[in-house]
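A short write-up of the structure that comes next.
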Amino acid sequence: QLRYVILKPAKIKPSTKYPLVVSLHGIGGRGSQKWEDNCAANKVLSQPAMRQKYPCYIIAPTVDPNQWWDGAPLATLIQLIKSSLKKHPIDPARIYVTGQSMGGFGTYSAILAEPHLFAAAVPVCGRGQPDQAKKIVHLPIWIFHGEKDSLIPHRHSREMVAALKKAGGKPIYTEYAGVGHGSWGPAYAEEKLWEWLFAQKRKAAAKKP
């Protein structure tokens with residue numbers, strides 16, 4: 001089981017499909033029922049002005065206190081995303097995933113588990129798997145980290161960026177000078193981030209002859 005909140009667009013227009021943002025919390029959000037506080041992305045995207053500018057669905061799941069974004073919780077999350085496509089007018093070509101800290105780890109885990117489900121990913125102060133970069137080299141990824149992060153050192157993001165570039169990818173990387181582990185604050189406050197994210201669209205898979 002996976003508890004979650006889904007926020008729908010303020011006004012759903014007939015025959016219109018909307019983007020979906022999957023927002024993954026960090027360790028501090030485990031077991032919490034305050035979904036808006038779980039991930040800074042939720043607070044930003046749930047603001048009336050943002051809902052009007054970027055009408056979208058938001059799925060904010062919550063794992064139990066002893067769980068991580070892997071194993072059964074991750075598998076259940078993927079099932080939730082896929083089932084939501086059948087229940088709501090969501091554009092399958094505009095599914096995005098982001099997360100902070102542990103949720104940054106989960107963002108990498110999600111796109112590695114389903115590299116062709118998502119249109120873009122935004123891991124914030126997370127840690128990826130550089131040895132598996134080739135699996136997600138096609139995916140638009142914007143990575144954020146704080147220079148002074150002592151909990152999850154910035155080298156993890158730097159190593160992931162280097163691995164993606166070596167594999168032929170074109171990740172975007174923003175590192176905040178003097179910022180510690182709370183890089184999600186300035187990251188999700190970046191207006192250009194949201195402009196970039198909602199502009200991404202998954203390309204249709206090439207059909208075999």
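A short reminder: the numbers here are calculations on the coordinates, not readings from a lab. If you're wondering where the values come from, they're calculated on a predicted model, not measured in any experiment. Here the Cβ is made from the backbone with ideal geometry for all residues, glycine too, and neighbour counts use every protein chain on show.
Details
- Helices (runs of 4 or more DSSP H) fully within region 37-89 counting 2 or more residues that are aromatic (F, W, Y) and buried (at least 21 other Cβ atoms within 10 Å of the Cβ): none
- Residue check, I95 among the hydrophobic types (A, V, I, L, M, F, W, C) and more than 12 Å from the chain's Cα centre (by Cα): no
- For region 18-36, the set of residues classified as over 18 Å from S109 (Cα atoms) and surrounded by fewer than 21 Cβ atoms within 10 Å (Cβ to Cβ) consists of Y18, G28, G31, S32, Q33, K34, E36, listed by residue number.
- Condition met for Y4 (out of contact with any helix residue (DSSP H, G or I) (no Cβ under 6 Å at 6 or more places or on another chain) and touching a residue at least 24 places away in the same chain (Cβ under 8 Å)): yes
- Among (1) assigned to a loop (DSSP other than H, G, I, E, B); (2) of a type in the set (A, V, I, L, M); (3) out of contact with any helix residue (DSSP H, G or I) (no Cβ under 8 Å at 6 or more places or on another chain), the one test that A10 misses: (3)
- The set of residues in region 75-92 being farther than 25 Å from D64 by Cα and either under 10 Å from the mean Cα position of the chain (by Cα) or among the hydrophobic types (A, V, I, L, M, F, W, C) (or both) consists of I90 alone.
- Among the residues of region 5-17, those identified as surrounded by fewer than 18 Cβ atoms within 10 Å (Cβ to Cβ) and not aliphatic (A, V, I, L, M) are K8, K11, K13, P14, S15, T16, K17.
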